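What follows is one structure encoded as structure tokens, with my remarks underneath.
The values are calculated or read from the model by the stated rules, or taken from the named source; none is laboratory data. The shown structure was predicted, so the numbers you read here are calculated from the model rather than taken from an experiment. As a convention, Cβ positions derive from the backbone with ideal geometry for all residues, glycine included, and neighbour counts pool all protein chains shown. Ligands, DNA and RNA are stripped out before the accessible areas are found, and what is left, the full protein with its side chains, is counted by its heavy atoms. Shrake-Rupley method; radii C 1.70, N 1.55, O 1.52, S 1.80 Å.
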Amino acid sequence: MPQYDPVAKKVYVNLQDQNFFAVIDPASDEVVGRYPVGRCKENHGMTLDPEHHRAFLSCEGKRTDDRVRSRQEPAHRILPMAGGPDVIKFDPGLRRIYVACSSGAISVFQMDDPDHYRKLEDFPVQKKVHSLAVDPETHRVYAPEQEADGKPVARMSVTKLFLR
């Protein structure tokens, strides 16, 4: 899932099969950087915090990973998340990272500052939740569900996470 960074004016793309992510300059359509993702294997989901020059990746090969990149030099932080991490989103207003996990949780992390993060909780949802969206105005989290208590459904779960 490519992401556009409006501050750096670059596009970031996960190269999941190579354990890298690439940086593309849309003005020239050229790859201007390739960064290894360290212990993050099979990097899948990605979200950006353009203001603080960070990219967050969810990785399938390991249960936990958050890759934080800086403009000059990539750095890594590992954050524990529920099993089956997939789509990841950042809410800049609350400074929270949300990860849809197919094991039945949305893992939620708080950015205390651009270099310090802490896990708030694994918010329980139905299993097989693979994606989510965050409304930066209302801070509501939208998660499509394909199963409820093991039975097929097609519905949208909408919540404003009030964390313990």
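Observations on the structure shown:
- The residues listed here are K127, K160, K151, K119; of these, the one that is modelled with pLDDT of 90 or more and either over 26 Å from D5 (Cβ atoms) or under 13 Å from the mean Cα position of the chain (by Cα) (or both) is K127.
- Looking only at the range 55-68, and only at residues there that are more than 20 Å from G93 (Cα to Cα) and open to solvent by less than 40 Å² (accessible area, probe 1.4 Å), the one that is modelled with the highest pLDDT: S58
- When D49 is tested against (1) of a type in the set (D, E, K, R); (2) under 21 Å from L79 (Cβ atoms); (3) modelled with pLDDT of 90 or more; (4) exposed (fewer than 15 other Cβ atoms within 10 Å of the Cβ), just one condition goes unmet, and that condition is (4).
- Test result for M156, open to solvent by 70 Å² or more (accessible area, probe 1.4 Å), among the hydrophobic types (A, V, I, L, M, F, W, C) and part of a strand (DSSP E or B): yes
- Per the conditions (1) free of Cβ contacts under 8 Å to residues at least 24 places away in the same chain; (2) in contact with a Cys (Cβ under 8 Å, 6 or more places away or on another chain), the sole criterion not satisfied by K10 is (2).
Okay, residues lined up against (1) in contact with a Cys (Cβ under 7 Å, 6 or more places away or on another chain); (2) open to solvent by less than 50 Å² (accessible area, probe 1.4 Å); (3) in a strand (DSSP E or B); (4) at positive phi:
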position	(1), (2), (3), (4)
P80	no, no, no, no
A100	no, yes, yes, no
S103	no, no, no, no
Q110	no, yes, yes, no
R118	no, no, yes, no
T138	no, yes, no, no
Y142	no, no, yes, no
E145	no, yes, yes, no
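- Within the range 114-140, residues that are farther than 14 Å from I88 by Cβ sit with their Cβ atoms under 7 Å from residues that are acidic (D, E), at 6+ positions apart or across chains, in these pairs: R118/D112; Q126/E145; Q126/E147; K127/E147; K128/E147; P136/D91; H139/D91.
- Those residues of the range 82-98 which are open to solvent by less than 40 Å² (accessible area, probe 1.4 Å) and either in a strand (DSSP E or B) or under 17 Å from P50 (Cα atoms) (or both), in sequence order: P85, D86, V87, I88, F90, D91, I97, Y98
So that you can scan it fast, the table gives a plain yes or no per residue for (1) aliphatic (A, V, I, L, M); (2) open to solvent by 40 Å² or more (accessible area, probe 1.4 Å); (3) within 23 Å of A105 (Cβ to Cβ); (4) over 13 Å from the mean Cα position of the chain (by Cα):
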residue	(1), (2), (3), (4)
A22	yes, no, no, yes
A27	yes, yes, no, yes
G33	no, no, no, yes
C40	no, no, yes, no
H53	no, yes, no, yes
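- Conditions (1) closer than 19 Å to F123 by Cα; (2) at pLDDT 85 or above; (3) surrounded by fewer than 21 Cβ atoms within 10 Å (Cβ to Cβ): number failed by P2: (1)
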